[in-house]
Amino acid sequence: MNTYATVVLAAGKGTRMRSTLSKLLHPLAGQPLLAHVLKSVETIPSTAAFASLRASLTASRPIVVLGHKAEQVLEAFGDRCLYARQEEQLGTGHAVLAAQDAVDALDPLPETVLVCYGDTPLVRSEILAQVLAEHSARQATITFLTATADTSSDYGRVVRDSHGQVREIVEVKRATPEQLSITEVNSGVYCFDRAWLWKSLTALPRNAAGEYYLTDLIAVAGAQERAIATVQGSFDESLGVNNRVQLAEAEQIMRRRILEQHMYAGVTIIDPATTYIDSDVQIASDTVLLPNTIITGKTTIGSWCRIGPGTTIDQSTIGDRCVIRNSALEETVLEDEVSMGPFSHCRPGAHLARGVRMGNFGEIKNSYVGEGSDVHHFSYLGDATVGDHVNIGAGTITSNYNGLTKQKYRTTIGSGAFIGCDSVLIPPVTIGDHAMTGASSLVNKDIPAHTLAYGVPARVARTLPTATDEDAVAPELGKQE
């Protein structure tokens, strides 16, 4: 079985980004630029275009050629890749040659080298697979990706002879007026025969700029009457990111792709123009996203949810049939059938069990709220464990932060408890199952199960019957929300 190696060129300085951060690490749809390229490379074998090659061709781990700010990239991607160093930047041909030792050290030794750029995040795995498949089918020495662009493009022009055979790629700055009228351009993805590649790169002369251009190999292969194949792709896939304007353009295209992917999979997006979804987000079918909704990170959302408007969700897991209105969630878990908002806030560590209802202007942080519980408006639960079917009255807070020792303590509320409006719970404190607090109580001591406490500070007034009927338990308190 043959093997192909992928070399990702990522050694450029990226000076036009005007940043202390490596260009390859600037985020696009929630992931660094280079991560998008690596994902496309890694998923080549799973594409339909690669199906005919699965029995005969295998992939090795991608090799990333680093140069400027290499340590930042190494820290971000670790052992996801193999690496090579281009200590001196002398052009794209020189960059590929810097990967020779890494490629030749692979076992088994690859026959084919796929080359692409680390700053072209819109290239898809399917088109990379097509380039590999065409290279194999044509038994070519070089196969490369082309696209159609207008004559103002600054991409290298693909020059063909009268028979349609590729003769060379001419860079814009050295192209003739006739060549500049060519609309077929080089997209920067190549497949090479490995043995021919190293021999030809070693012999490649420097151009007028004093660099070794990978594109000059096309003319070399043409002069040798070698087989040169091309694959036509969309111009979007070849877009490189060299500055923040191009980063914003790529972001728009990527986000539109992501939205379309979700819509084709059964998600309703009312207003795509105001909906932003990161690349790692997963959403099940029949969920509806309303305008001005932003979903980021590795968020998972179940089916038949209604999210928005004006909602932000980051790094969270949302179950089925949840309703979230004008709210913000960070690193939160919502089980099925949770409803919240408008203007609720779940901070990291919030976990709301099945059927929890959270009112407007409520906030939960690092807390578990049990099944079927109600957290009414203007309430704050921090560092709390709340049982099932608990009523948290409006304005209730857990005063979990001690400003003197700067410690945070935990509040525990048992199942079936009833916390009156405007109660203040000062932890560490435990409220037992089916216990009750009166409105405006300050609770700084444990309250046993099945007891009623109220006052400032709250004191146990009496034991409650074990009946579940609210009117029978404490008719004088009434239902507090």
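Take the solvent-accessible surface of the protein heavy atoms, probe 1.4 Å, and return the percent of it on the chain that carbon and sulfur atoms account for.
Carbon with sulfur: 50 percent of the solvent-accessible area.
About its Cα centre, what dipole magnitude does region 65-115 give when the only charges are +1 on Lys and Arg Cβ and -1 on Asp and Glu Cβ, stated in debye to the nearest 20?
Values: 3 positive and 9 negative charges, 41 e Å.
Here the size comes out at about 200 debye.
Solvent-accessible area of Trp196, probe 1.4 Å, all protein chains present, reported in Å² to the nearest ten, please.
Surface accessible to solvent at Trp196 totals approximately 10 Å².
Send over a whole-number figure in Å² for the accessible area per residue of region 1-66, probe 1.4 Å. Present the calculation step by step, with values, prior to reporting the outcome.
Numbers: 2590 Å² over 66 residues.
About 39 Å² of surface per residue is accessible.
Of (1) 143; (2) 390; (3) 178, which one was derived for volume of the Cα convex hull per residue in Å³ from the structure shown?
(3)
Please name whichever of Trp196, Ser22, Ser234 sits farthest to the positive end of the charge dipole of the chain, dipole taken about the Cα centre and charges placed at Cβ: Lys and Arg +1, Asp and Glu -1.
Most positive-ward Cα: Ser22.
Work out the charge dipole of region 65-117 with +1 on the Cβ of Lys and Arg and -1 on the Cβ of Asp and Glu about the Cα centre, then indicate which of Leu97, Phe77, Pro110 is farthest towards its positive end.
Phe77
Could you size up the charge dipole of region 341-391 around its Cα centre, putting +1 on the beta carbon of Lys and Arg and -1 on that of Asp and Glu, and report it in debye to the nearest 20?
Numbers: 4 positive and 5 negative charges, 27 e Å.
The calculation lands at about 140 debye.
Excluding Gly416 itself, what net charge comes from residues whose Cβ is under 10 Å from its Cβ, given Lys and Arg +1 and Asp and Glu -1?
On the way: positive: none; negative: Asp388, Asp433.
Value of the local net charge: -2.
Over region 380-429, average the accessible area per residue using a 1.4 Å probe and give it in Å², no decimals. Before the final figure, lay out the partial values.
Numbers: 1930 Å² over 50 residues.
Per residue, region 380-429 has 39 Å² of solvent-accessible surface.
Counting only heavy atoms of protein chains, what accessible area per residue, in Å², does region 245-351 have with a probe of 1.4 Å? Please report the intermediate quantities before stating the final value.
On the way: 4660 Å² over 107 residues.
Using a 1.4 Å probe on heavy atoms only, each residue of region 245-351 averages 44 Å².
State which entries of Lys23/Lys199; Lys365/Lys406; Lys69/Lys173; Lys69/Lys199; Lys39/Lys173; Lys298/Lys408 exceed 22 angstrom in Cα-Cα distance in the structure shown.
Numbers: Lys23/Lys199 31 Å; Lys365/Lys406 17 Å; Lys69/Lys173 28 Å; Lys69/Lys199 30 Å; Lys39/Lys173 33 Å; Lys298/Lys408 28 Å.
Beyond 22 Å between Cα atoms: Lys23/Lys199; Lys69/Lys173; Lys69/Lys199; Lys39/Lys173; Lys298/Lys408.
Under the 0.36 nm per residue contour assumption, what length would be gained going from the current alpha-carbon distance of Ser162 and Gln252 to full extension?
Values: separation 90, 0.36 × 90 = 32.40 nm, distance 3.89 nm.
Extra length available between Ser162 and Gln252 comes to 28.5 nm.
Give me the net charge of Tyr117's neighbourhood, meaning all other residues with Cβ under 13 Å from the Cβ of Tyr117; Lys, Arg count +1, Asp, Glu -1. Walk me through the numbers before you get to the answer.
Details: positive: Lys23; negative: Asp119, Glu237.
In short, -1.
Roughly how many debye, to the nearest 20, is the charge dipole of region 132-240 about its Cα centre, given +1 on each Lys and Arg Cβ, -1 on each Asp and Glu Cβ, and no other charges? Before the final figure, lay out the partial values.
Numbers: 10 positive and 14 negative charges, 81 e Å.
Roughly 400 debye, rounded to the nearest 20.
Could you grab the relative contact order for the chain? Cα pairs under 8 Å, six or more apart, rounded to a whole percent. Numbers along the way, then the final one.
Details: 1271 pairs, mean separation 39.1, N = 481.
The value is 8 percent.
If you add up the charges near Ala273, with Lys and Arg at +1 and Asp and Glu at -1, over every other residue whose beta carbon is less than 14 angstrom from its beta carbon, what do you get?
Details: positive: Arg255, Arg256; negative: Glu251, Glu260, Asp271.
Residues close to Ala273 contribute a combined charge of -1.
Take Thr268, project a point 7 Å from its Cα along the Cβ direction, then tell me which residues of region 299-322 have their backbone nitrogen under 18 Å from it.
Taking a point 7 Å out along Cα→Cβ of Thr268, the residues of region 299-322 whose backbone N falls under 18 Å are 301-311, 320-322.
Between the alpha-carbon centers of region 378-400 and region 292-367, tell me the distance in whole angstrom.
Result: 17 Å between the Cα centres.
Kindly write out, for region 90-99 in residue order, the coupling ³J(HN,Hα) from the Karplus curve 6.51 cos²θ - 1.76 cosθ + 1.60 (θ = phi - 60°), rounded to whole Hz, with x marking Gly and Pro.
Those phi angles translate into 10, x, 5, x, 5, 5, 5, 4, 5, 8 Hz.
The values are calculated or read from the model by the stated rules, or taken from the named source; none is laboratory data. Everything numeric here is computed off the predicted structure, so don't read it as measured data. FYI the Cβ positions are ideal-geometry reconstructions off the backbone, even for glycines, and counts take in every protein chain you see. Only protein heavy atoms, including side chains, enter the accessible area calculation; ligands, DNA and RNA are left aside. Shrake-Rupley method; radii C 1.70, N 1.55, O 1.52, S 1.80 Å.
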